[in-house]
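So the structure is just underneath, and the comments pick up after that.
The values are calculated or read from the model by the stated rules, or taken from the named source; none is laboratory data. It should be emphasised that the depicted structure is a prediction, and the values quoted were computed from it without experimental measurement. Virtual Cβ from ideal backbone geometry, glycine too; neighbours counted across all protein chains shown.
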Amino acid sequence: MIRLENVTKVYPNGVKALDDVSFEIEKGAFVFIVGSSGSGKSTLLKLLMKEINPTSGKLHIEEKDITKLRRSKIPKLRRSIGVVFQDFRLLEKMTIYNNVAFTLKVTEAPTRTIRRNVPMVLSLVGLSQKANMHPKQLSGGEQQRAALARAIVNNPPILLADEPTGNLDPKTSWEIMKLLLDINLRGTTVVVVTHDKEVVNSMKKRVITLREGRVVRDMQKGDYGYEN
Ligand code: ADP
Ligand code: ADP
């Protein structure tokens, strides 16, 4: 599903953000990526979304080496990866319904698909009653639920979450983590970058730890494993 082979990323200023990183994430897995600030986590996510290219190495997503992907195929790759961020990134001027529908509209999905899928995912994340509200009228946890709905409405095989609970209190963080688990159980491969030690330690999922651009630890049923 996701396979990195000896991936190195050196930015133009000479910083080596990733240094010979290799690992594989199988289809349907739930994986945490942890590491202190500057360890290369964001660089890894940007590589997966093909926002940047590795300096060397191979990066396969669903059997395709995305470093060799034609420019015209990039939109299709991006559609196969749902993404959520720490700061939600909802469109403030749109209702929750339209924020979610937007993902489908940009791919020119038929109206009937939109009318069926948007209510379905809003129900999945528990936001059916808030469909006509605007992001600012929702709590942080609700906004993250909306962002999750938007990320999965077109059924991407992969969901990347970049510090999804970074702005949320512990109780709300748990609700979001439970949703990520639900989404994972429906078959989506979920990769979560996080600093949330409590969450990582209690979920007993695979944990890949980066330090200075290298994988220093990779454990099934792992824990947070370091102090920062
Ligand atoms: P993390 O997400 O774990 O904090 P990053 O991937 O953002 O780590 O950064 C890894 C290293 O690469 C850091 O030293 C950071 O300063 C550097 N870096 C990140 N982005 C850039 C960039 N666009 N240009 C140059 N250096 C960068
Ligand atoms: P790439 O060519 O790999 O896409 P760039 O080096 O062009 O990346 O940097 C992308 C952006 O990140 C630029 O606007 C740059 O100013 C900014 N940037 C530079 N250094 C860093 C850093 N240490 N951490 C985060 N961002 C950085």
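Tabulated values for the structure
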| quantity | calculated |
| --- | --- |
| Only listed residue being of a type in the set (Lys, Arg) and touching a residue at least 60 places away in the same chain (Cβ under 8 Å), chosen from Lys46, Lys41, Lys64 | Lys41 |
| Selection within the stretch 183-222 - surrounded by fewer than 15 Cβ atoms within 10 Å (Cβ to Cβ) and basic (Lys, Arg) | Arg186, Lys204, Lys221 |
| Single unsatisfied condition, Thr103 versus (1) modelled with pLDDT of 95 or more; (2) buried (at least 21 other Cβ atoms within 10 Å of the Cβ); (3) assigned to a helix (DSSP H, G or I) | (1) |
| Residue within the stretch 34-46 that is in a strand (DSSP E or B) and charged (D, E, K, R) present | no |
| Scan of the stretch 97-147 for residues that are basic (Lys, Arg) and in contact with a helix residue (DSSP H, G or I) (Cβ under 8 Å, 6 or more places away or on another chain), ordered by number | Lys105, Lys130, Arg145 |
| Residue that is nearest to Val191 (Cα to Cα), among those in the stretch 10-32 that are assigned to a loop (DSSP other than H, G, I, E, B) and more than 10 Å from ligand 1 (Cβ to nearest atom) | Ala29 |
